[in-house]
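Notes for the one structure printed next.
Read-outs throughout are calculated quantities, based only on the coordinates presented, and are distinct from any laboratory measurement. Keep in mind that what you see is a predicted model, and the values were worked out from it rather than measured. Cβ placement follows ideal geometry from the backbone for every residue including glycine, while neighbour counts extend to all protein chains displayed.
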Amino acid sequence: MSSALNKPVSNKIAIVGAGSWGTALAIVLSPRFERVRLWAHEKDLVQRMAATGVNDIFLPGFQLPVNVEPVSDLEPALDGAGIVLGVMPSRFARSLYRAMLPHVPSNVRFVSATKGLETGSLLRMSEVAREIVGEKFAPRIAVLSGPTFAREVASGEPTALVISSEDRELAASIQREFSGPTFRLYTNDDPAGVEIGAALKNTIAIGAGICQGLGLGNNSIAALITRGLVEITRLAVAMGGRAPTLAGLAGLGDLVLTCTGNLSRNRTLGIELAKGRKLADIVSSMTMIAEGVETTYAAVDLAQRFGVDLPITKQMDSILRGGRSPREAIRELMERNLKTE
């Protein structure tokens, strides 16, 4: 990497969402911007971050750089920002983009780093942003995704991601501004493929956790990941994405990480389900949101809308929403009609 990657290349960025991923992004992007404002809904958390420089709830053990300013009000968070980076949970995306609308100028660039689908509308996160912001002006929106655990990014471990937009100039500009010595971005122009890969890998990761929790071996998990990728690709293509995207970082890369890594919230949720715990109890005990639950519900509806077969996803839905036994779900998957690959 050239020395230029260590120098700030832009002025101000607003990061909306101070969970583990938003906080990690604030840390890794801080050398690239003169000022980073990190917005969180929880005022008491913002006060502690301002006093101690640590997000003690979502990313304990990591010091915020001096140019990262925690804030709890959207207007000052967005003031003067050239880039708005959305890292909020998917269920809050619409309300937050709505709240941001009065405070963003038409020349701002949006980057969505939320991995999920909107319940009800079944929209991708960039579509939610476009629908809301489009009431005021035609927004420029890119999508950031890839195989990332927040703690590893914050630790400075080498990480590769995709920045995707149909606006290739926008994707290239974000690539230049975000990339650094440990944070490498690749561009593509397939946000639909990237966002479907980012969302549905969480569903498959719940299944991987169930396999782990049931004591099944590597054969089962490898089969689940491989056939899960087939399902994700099938739906992404039906929705206008491209199959090669799902073979890259935002598809296969993110899927493998989330299905096998110990830091995966969705995999952890699956492990607990396999132990017989109730979904509501697992979710209420988690500090951070496991996006795969609501994504699974949305994916089943999308499969019906687009006429695609998602057998693994349907079984995950039957476990999550219908309380089906994980062993029974696996048995039914294995006893389906035999097919070609």
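Assorted remarks:
- Panel order for Thr159, Thr260, Thr203, by other beta carbons found within 10 Å of each beta carbon, from fewest to most: Thr260, Thr159, Thr203.
- Along the range 296-308 the Karplus relation, 6.51 cos²θ - 1.76 cosθ + 1.60 evaluated at θ = phi - 60°, assigns HN-Hα couplings of 4, 4, 5, 5, 4, 5, 5, 4, 5, 5, 9, x, 10 Hz to successive residues, with x for each Gly and Pro.
- Ranked for footprinting exposure by Cβ neighbours inside 10 Å, fewest first, Lys275, Lys339, Lys201 give Lys339, Lys275, Lys201.
- Only lysines eight or more places from Lys314 in sequence, or on another chain, were considered; those with a Cα closer than 26 Å are Lys115, Lys201, Lys275, Lys278, Lys339.
- Two-decimal ratio, the range 253-305, of alpha-carbon radius of gyration to 2.2 N^0.38 Å: 1.22
- Each Lys or Arg adds one and each Asp or Glu takes one away; over the other residues whose Cβ falls under 12 Å from the Cβ of Arg321, this sums to -1.
- Across the alpha-carbon set of the range 192-334, the Rg to Rh ratio works out to 0.94, Rh being the Kirkwood radius.
- Across the chain, the volume of the C-alpha convex hull divided among the residues equals 130 Å³ per residue.
- Prolate/oblate/rounded label for the range 169-252 (Cα gyration tensor, a/c 1.5): oblate
- The range 247-319 versus the range 58-104: alpha-carbon centroid distance in Å: 26 Å
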